Amino acid sequence: MEVSALLPKMLIFVVLMVVGYLCAKTNFAGREFTRDASKMVINVFMTATIINSVLVSDARLSGKELAVVILALSIAILVGWVLAAASCRIMGLGERAPLFELLIAVVNNMFIALPVVEALFGSEAVFYCSLSCIPFNIILYTYGVYRLHGGGGKESIRLKDIFTVPLIATFVALVVFMLHPPVPGVLRELAGTMAAATMPLSMIVIGSSLGSVGLLDAFRNWKLYIMCFIRLLVCPLLVWLLLGFVTDDLVLKVTSTIIAASPSAVIVSVLAIQYDKDAVFTSEGILLSTVFSMLTIPLVIYIIM
């Protein structure tokens, strides 16, 4: 797909996010809606999208090829963490350092990257994107929680947090992908129907989740501009360069790069609240990076393609 063909889809993403944002601002969608809807999207509709990606895909991968896919996706996730750690040590930031680090490192790989790569390449890219849940969850709920916990002990790492529903769905999709079991037509149709709802619901939920954040406050913090620059431009372009040494698969390279180009994930704000950190700062960072990503994702795709 040409970048020009992606722009109308990105516009649709923006409009749906604005709808969610306005619903939150006018109290049509309160915090309870955002909380419950986000759980439903991530645990039900995205699960259907992940499973549907292997049901409609004709892709075939050997064990070696699958290992390359997971390596490429791990690079897409890990580059952000490395740059985030280096940036925090250069800038200082005091008590906000762990939050700044997570805002750079933790990408919105499911709510933003997945719909974008599906628009570009279809089910094959969705399957690749779902596999990014493996490195994403492992590092977020080990090192990420360790950083927020202030260097606490092993009690801060919980296996039930790592094994989220999308991660379990990814493993199920892997089994289906490798074994190709017969799947009844009605189940295929159900998965496809539910998967079609993922993109619009995701964008609306993101918009509503940002409804409590002051737009002007987010745009006043110059440190968040540095965060966005690293998160949205430096990370994806570095990932694209590194993947040139790993694979020639264009779909895999672009998918991994778009994951790296995604804005900060809402889960950062959730974790900030859980660990009694500055949730306002994280919410402002998420808002700013999400707004800018609607411009930078097409720019990154234009540069690499």
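The values are calculated or read from the model by the stated rules, or taken from the named source; none is laboratory data. Note that the coordinates shown come from a computational prediction; the quantities given were computed from them, not determined experimentally. Positions of Cβ are generated from backbone atoms using ideal geometry, with glycine treated the same way; all protein chains shown enter the neighbour counts. Only protein heavy atoms, including side chains, enter the accessible area calculation; ligands, DNA and RNA are left aside. Shrake-Rupley method; radii C 1.70, N 1.55, O 1.52, S 1.80 Å.
At-a-glance table
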read-out	value
Any hit, the range 119-130, residues being of a type in the set (A, V, I, L, M) and closer than 22 Å to Phe171 by Cα	yes
Filter result for Leu242 (modelled with pLDDT of 95 or more and open to solvent by 10 Å² or more (accessible area, probe 1.4 Å))	yes
Filtered residues of the range 262-283 (kept if open to solvent by less than 10 Å² (accessible area, probe 1.4 Å) and assigned to a helix (DSSP H, G or I))	Val268, Leu271, Ala272, Phe281, Thr282
Residue in the range 30-38 that is in contact (Cβ under 8 Å) with a residue 40 or more places away in the chain, within 16 Å of Ser130 (Cβ to Cβ), surrounded by fewer than 16 Cβ atoms within 10 Å (Cβ to Cβ) and touching a helix residue (DSSP H, G or I) at 6+ places or on another chain (Cβ under 9 Å) present	no
Qualifying position, being over 18 Å from the mean Cα position of the chain (by Cα), at pLDDT 85 or above and either surrounded by 24 or more Cβ atoms within 10 Å (Cβ to Cβ) or β-branched (Val, Ile, Thr) (or both), among Ile230, Ile259, Ile226	Ile226
Hey, Thr198 of a type in the set (Ser, Thr, Tyr) and under 23 Å from Leu140 (Cβ atoms) or not	yes
Selection count, the range 86-118, where residues are open to solvent by less than 20 Å² (accessible area, probe 1.4 Å) and assigned to a helix (DSSP H, G or I)	19
Single unsatisfied condition, Gly192 versus (1) modelled with pLDDT of 80 or more; (2) assigned to a loop (DSSP other than H, G, I, E, B); (3) not acidic (Asp, Glu)	(2)
